[in-house]
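Since every read-out is calculated from the coordinates, none of them should be taken as a lab result. This structure is a prediction, so every number in the text was calculated from the model and none was measured. Methodologically, a virtual Cβ is constructed for each residue, glycine included, from the backbone with ideal geometry; neighbour enumeration extends over all protein chains shown.
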Amino acid sequence: MEATRSPMIHQPRTLGELSLLFQRIEHPLLWAGGTYLMSRSDFYPFPSKAQIVDLGRIEELKRISRTDRHIDIGAMVTTSSLLSAGKLVLPSILKSALGSIISHITRRQITIGGSVCEPESRMAFSTALAVLDAQAEIRKWDEGRFTAAWIPVNRLYDKRGALLLGKTPFVLTKIRLGLEWGDFQRFVLIDNPIRTPDTAILVAFQATRNQTALTKVRFSASFPKRAFHLSPELENQLSLLNLPIHPDRVNTISYEMAHDLMNRHESITEFQAERTRRVFESFLHELNIQTLS
Amino acid sequence: MKLECTIDSKALTLHVNSTKPLSLMLIEDVGVKSMLSHCRGNACGNCIVLVDDVAVLSCIVPAFRLKDAKIRTFETFHRTRLCRDIERAYRVSGNKPCPDCYASKTLLIESILTELMGSSRSREEGVVDEKAIMQELSLNTCPCMDVTELLAITIQAFEYRRRRRGSN
Ligand SMILES: Cc1cc2nc3c(=O)[nH]c(=O)nc-3n(C[C@H](O)[C@H](O)[C@H](O)COP(=O)(O)OP(=O)(O)OC[C@H]3O[C@@H](n4cnc5c(N)ncnc54)[C@H](O)[C@@H]3O)c2cc1C
Ligand code: FES
Ligand code: FES
């Protein structure tokens, strides 16, 4: 009995075969590592009418390549293979973000594409990509064919952190990172984003120090299931600062940041905002210490 | 779907829903007694088994990814020499996990030992990153043992494993 009610599973081997499936199936459900899909409380039994497209056999999506200008990471690269393949070439912020995922056991299963396309909530990988000005290659299924576009990762989400790509079926094929990174990069995760989403925070920050001035500051913060925070205003404000930043100013800026955070995202708690403020403040103090030493 | 795979050294043909989680298959279709948990996404870390010798959380692996897979649960793992390294470390420490998480914690330690043995620096010089091991151990949330105690047990078991491999 059980077998006859099974969802249909399609396992294409190439992007060409994937496109044929998109032609035939109206709402394909793409399956990457399956960790998000299977950890939903209503996952099983899965609707028997669902048409699952397992991306796990498409070799083109498992490649990591590098030119002298950028790194391309295929959507089906797992977080553990990216960590081990990329030890020498990845920005440290991305290594910290990938390393923050508990256990080899989950890292081997979680994919880059699944992390970026998880529909509801931003976690480690998207938070780090947001400050690296990463781009996502999205192929939308439009009028019977795929149309590809590069979209900055930090424009893929709304302020709650939900994916914005709408109802048109799409596949993310790769993530592209430029090779110019700031010389100050930090990623901090506090608490477990899956087990304790109500207190967890994820913060990413990078900047370049030019003699005594800060430039190219990027900052993002995520609060699982609640908010995804970017602040171009804060980035601009910091990018004008001279180092070292006066301690009073560090304090003021960090409180302004937390205030702005609470104003823009009603869903986050004061506790989360204060945690984020302290982490942010510690980055500025660290920048000062490095300037003075 | 019809699924052919090997579970605890027995070749089986199961008729299961294509998306059925491996943990539920083991509980309902195979009757594995060491498999108790199915926490539906709360990441309890208490459902670890080996698939083709690699540790997985069985509640997030669907049947359709298991064609021809070789699945090993604690039921046969505990008869191996690999398991003896870990159980010896439990004995020496005078402590061991409670019955509910014994299987998963032991397989989690095994997965850490496999990673360590795969690194030439750890294997040859015995160097380990304690912080990374603690992070690995935190995958299992069962509070019966303190993480520093589990860390000591893991390092001890790693020593046994290294010595045994060295003498082979
Ligand atoms: C036990 C556990 C622990 C976790 N721990 C952490 C952690 O410590 N830190 C952290 O950041 N995250 C963690 N996660 C969350 C995990 O990173 C997300 O669940 C992530 O979305 C999973 O990626 P996946 O490859 O398994 O995706 P899947 O579950 O396969 O897919 C996720 C979503 O993306 C869609 N999708 C996947 N690939 C594509 C593609 N190429 N194009 C278009 N759509 C696609 C799917 O349809 C689905 O909606 C954890 C999850 C679990 C279950
Ligand atoms: S039963 Fe698998 S993580 Fe809880
Ligand atoms: S199962 Fe180990 S203490 Fe609960």
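Note the full-extension length gain between A:His259 and A:Asn242 as 0.36 nm times their separation in residues minus their Cα-Cα distance, in nm to one decimal.
3.8 nm
Give, in nm to one decimal, the length gained when the segment between B:Arg88 and B:Ser138 is fully stretched (0.36 nm per residue of separation minus the Cα-Cα distance).
15.8 nm
Is there a simple number for the mean count of other chain Cβ atoms within 10 Å of the Cβ of residues in A:33-40, and what is it?
5
From zero outward in steps of 10 Å, how is the percent of C-alpha pairs of chain A spread across the bins?
6, 27, 32, 22, 9, 3, 0, 0
Taking R0 as 41 Å, what's the FRET efficiency between A:Thr67 and B:Ser9 from their Cβ-Cβ distance, rounded to 0.05?
Given R0 = 41 Å and the Cβ-Cβ separation, E is 0.30.
With a ≥ b ≥ c taken as the square roots of the eigenvalues of the C-alpha gyration tensor of the range A:21-80, please select rounded if a/c is under 1.5 and otherwise prolate if a/b is larger than b/c or oblate if it is not?
oblate
Over the range A:2-54, what is the relative contact order in percent, taking alpha-carbon pairs closer than 8 angstrom and at least six residues apart?
So the answer I get is 61 percent.
I'd like to compare A:187-196, B:123-132: which one has the highest average count of other Cβ atoms within 10 Å, and what's the full order after that?
A:187-196, B:123-132
Between A:Leu21 and A:Asp183, how many nm apart are label points set 7 Å from Cα along the C-beta direction?
About 4.7 nm separates the two model spin labels.
Using Cβ counts within 10 Å as a stand-in for footprinting exposure, how do A:Asp142, A:Asp260 rank, fewest first?
With the fewest neighbours first, A:Asp142, A:Asp260 line up as A:Asp142, A:Asp260.
Hey, what did the range B:2-73 get for relative contact order, percent, Cα under 8 Å, at least 6 apart?
The value is 43 percent.
Mind giving me the nanometre distance, one decimal, between the label points for A:Arg155 and A:Phe271, set 7 Å out from Cα along Cα→Cβ?
Here the answer is 3.7 nm between the modelled labels.
Please give, to one decimal in nm, the separation of the simple spin-label points placed at A:Ser282 and B:Glu130, each 7 Å out from Cα toward the Cβ.
Taking the two extended label points, one gets 2.0 nm.
If neighbour count is taken as other Cβ atoms inside 10 Å, put B:Leu82, B:Leu116 in order from fewest to most.
B:Leu82, B:Leu116
Taking all pairs of distinct Cα atoms, average 1/r, flip it, and tell me the Kirkwood hydrodynamic radius of the range B:81-167 in Å to one decimal place.
12.8
Need the list of lysines near A:Lys62 for cross-linking: C-alpha distance under 26 angstrom, and skip anything on the same chain fewer than eight residues off.
Here the lysines satisfying the reach criterion relative to A:Lys62 are A:Lys87, A:Lys95, A:Lys140, A:Lys167, A:Lys174, B:Lys20, B:Lys67, B:Lys70.
Against the longest alpha carbon principal axis of chain B, how many degrees, from 0 to 90 and to the nearest 10, is the axis of helix B:81-93 turned?
50
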